[in-house]
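Below: one structure, written as structure tokens.
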Amino acid sequence: MNIYKLDMISGAGLLVLALVLYYLLIPNFVADNGIGAMSPRFFPKLGTMLIGAGGCILIAASLRSSGSPRKAEVSSALNQPQKLSPLLSAAAIAGFILVFQWFGYFFAAPLLIAALMIVFGGRNLLAILLLPAAATAILFAVFSFGLNLPLQ
Amino acid sequence: MAADILSALEMLLSIQNMIAIFAGVAFGVFMGAVPGLTGTMGIALVIPLTYAFEPITAFALLLGTYKGALFSGCIPAILINTPGTPAAAATVLDGYPLTQQGRGGEAMGMALWSSVIGDVISTIALIFGALLLAQLATKFGPAEFSMLVLFSLTIVAGVSGDSLTKGLIAAAFGFIFGTVGLDPMMATPRFTFGEITMLNGISLMAMLIGLFAVSELFIQAEAPLSEVKKVAVPKAKISWKKIREKLPTIMRGSAIGIVLGSIPGLGATPSAFLSYSEAKRASKTPEKFGKGSLDGVAAAESANNATAGGALIPLMALGVPGDVVTAVLLGAFLIHGLAPGPQLFAEHLDLVYAIFIALLIAALMLPVIGLAAIRLFSRIAMIPRYVLYPVIAILCLLGVYGFNSSPTDLWVMLGFGVLGYGMRKLAFPLAPMMIGFVLEPIGEQSVRQALTISSGNWSVFVSTPISILFLVLTILSVAFITRRTINDRKGVQA
């Protein structure tokens, strides 16, 4: 998909988001207490209007440029083979947060490191077993004793 | 003043602080030397490690990282034709041809010493520039600060990349995220959705690490699996005679770096290219540029490193970031309960002097650490991705958690990581979002204070010469950006 099509979709999405912010989220989640020279809603509304205006400009620019010969691709990375890896990395981090909350650092950290090693192409079983254990222990010592930041 | 300097020396000169500067420069050099890792990411990773430290130790570590990363981008640029940081792109032009000619050691030596000289000169400029500007800034009231923030927002244009519209949209999102929590004047909750943890707003730390480190992790995860190649590293050596010959180029590059670095939105990459083209214009042998000229390396590296001092002038004196890295450093100041600007000079002058001295010490440590890094580069380049990135990921998570011990912050970090990844895929720049987020509370508070003082009269923003000066600068800046955008578009169409 070329960048202009994606810009049009992004612009439309931003416009919808700006409308939701302006008519739904700001009235419901930002109180207007009427005290002082400026409402607490002023800056959120200003940001929202900028997003909406930006969305309109993106749509207009992509409509005007869609026929031009300059059809840049979004990113060469889109065409690279490891398409699932970002998703797997995000899932591994989400998994870490859950395991960390339920079972603590010593369960979560080695699992995350091992999972990410595999996602990033590590295939050496010994390394996948040893590095997470060593890194977990070293980082625990650094944070808990060196920096006085408890991890439990 | 003498008493403040003595107090600063007493504060700074300890084994712990020297180790912090050394470790900061070494870590920065590592981050800059590995393509894919950046100084901004390095500083973001270091901030959580500084929570437990005294402010001076924390800033010794952070500023050391900044300086180390600025320098070491040249190592892969010269040796493997891949700039470690965007600012080292101009160094590739002559550095790599020199390596191909078997003169890589000379190129590395010239890059190192040009960087050190540029760095020292810019730190001296920072000391004088920041002190003068901070004195002027004591005359600033809320109206002047409001106009200063408005002017600072024009830096968004400088860091927006190819599309100013997308930069402005990203900044507007940063602006909205900056309003989350209690509003600064009336403590009215905004976008907290009934969550107590959201009353303090979005954690700067979680946003910063999510946007710059976690999104980079996702981008790197996509890269194809490849074998690590061994790199032959020559010994960095250059004679003093050659350095003396290139001194005019280095001095010119340093001046360009300081001036461009201090202008919001420009920074290291344009400075290096401008210095390179000026050196070529002034050279008696311009035909050698691009084919392996030591002048080219000296020009690019001196300007690149001199931007550090320049960019820190508006940050230290006015509390306004000039580029992405200083925006992250502003975040670090706020996390440590310090607000850079005239107030910092008035209340913590000894700390300000201590930071300046730490910067000079960091510049002097650079040759030692730089030479070691050049020798070790072949090993640094051999670290497998499957070791590097998992360790970075766990550091991000522990750093964010360590700040507030809040699992919510971890989810926020992951959310911003995913958002940052999506933005990069759709070619939206990240830096404007960070700048909008950092400047929103400062700007909102100033605007609302000024309007409260003036009983709602908007003319307060053009009532003093300083406010008018910033308004004129903003208009000129917007006019310049608009003209440049139109010219760029014409260039593309032609």
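No lab work stands behind these numbers, since they all come straight from the coordinates. In this text the structure is predicted, and so the values were computed from the model without any measurement. With ideal geometry, Cβ positions are generated from the backbone for all residues, glycine too; neighbour counts draw on all protein chains shown.
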For chain B, what is the Kirkwood estimate of the hydrodynamic radius, computed as the reciprocal of the mean inverse distance between distinct Cα atoms, to one decimal in Å?
-> 23.1
Rounded to the nearest 10 degrees, what's the angle between the helix B:268-282 long axis and the longest principal axis of chain B, both from Cα atoms, 0 to 90?
-> 50
Got a sec? Which residues in the range B:163-197 would a label at A:Ala61 touch, if it sits 7 Å along Cα→Cβ and we count backbone N under 19 Å?
-> B:163-175
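Can you give the mean number of other chain Cβ atoms that lie within 10 Å of the Cβ atoms in peptide A:110-117?
Partner Cβ neighbours, averaged per residue: 4.
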With the charge dipole of the protein assembly as shown built from beta-carbon charges (+1 for Lys and Arg, -1 for Asp and Glu) about the Cα centre, the Cα from B:Ile209, B:Ser14, B:Ser122 projecting farthest to the positive end belongs to B:Ser122
Could you pull out every residue, at least 5 positions away or on a different chain, whose amide H is within less than 5 Å of the one on A:Val30? Hs are placed 1.01 Å off N in the peptide plane, and Pro or chain starts have none.
-> B:Phe191
Under the rule of -39500 (n - 2.57) per DSSP H run of 4 or more residues, summed and divided by the residues of the protein assembly as shown, what mean residue ellipticity at 222 nm is obtained, to the nearest 500 deg cm²/dmol?
-> -23500 deg cm²/dmol
Which shape class applies to the protein assembly as shown: rounded if a/c is under 1.5, otherwise prolate when a/b exceeds b/c and oblate if not, where a ≥ b ≥ c are the square roots of the Cα gyration tensor eigenvalues?
-> rounded
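Once you have a ≥ b ≥ c as the square roots of the Cα gyration tensor eigenvalues for the range A:85-146, tell me rounded if a/c is under 1.5, and otherwise prolate or oblate according to whether a/b is larger than b/c.
In terms of gyration-tensor shape, oblate.
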The ³J(HN,Hα) series, computed from each phi in the range B:65-74 with the Karplus coefficients 6.51, -1.76 and 1.60 at θ = phi - 60°, rounded to the nearest Hz and given as x for glycine or proline, is 4, 4, 5, x, 5, 4, 6, 6, x, 6
Check the straight Cα-Cα distances from B:Lys139 and name the aspartates and glutamates below 20 Å, setting aside those fewer than 8 residues away within the same chain.
-> B:Glu347, B:Glu444
Can you tell me which of A:50-56, A:125-131, B:351-357, A:84-90 comes out highest on packing, and rank the rest after it, using the mean Cβ neighbours within 10 Å?
-> B:351-357, A:50-56, A:84-90, A:125-131
Give the angle, between 0 and 90 degrees and rounded to the nearest 10, that separates the Cα long axis of helix B:104-137 from the longest principal axis of the Cα atoms of chain B.
-> 30
Sorted on mean Cβ neighbours within 10 Å (highest first), peptides B:81-92, B:455-466, B:274-285, B:438-449 come out as B:81-92, B:438-449, B:274-285, B:455-466
The long-range amide H neighbours of B:Gly322, using H built 1.01 Å from N in the peptide plane and a cut-off of under 5 Å, are B:Leu315, B:Ala327
On a 0 to 90° scale, report how tilted helix B:164-179 is relative to the longest principal axis of chain B, with both axes built from alpha carbons and the result rounded to the nearest 10.
-> 50
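Kindly state, to the nearest 0.05, the FRET efficiency for A:Leu24 paired with B:Ala52, given R0 = 51 Å and r defined as their beta-carbon distance.
According to the calculation, E is roughly 0.75.
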In sequence order, calculated HN-Hα J values of the range B:320-334 (Karplus, 6.51, -1.76, 1.60; Hz; x Gly/Pro) = 10, x, x, 8, 5, 5, 6, 5, 5, 5, 4, x, 5, 4, 5
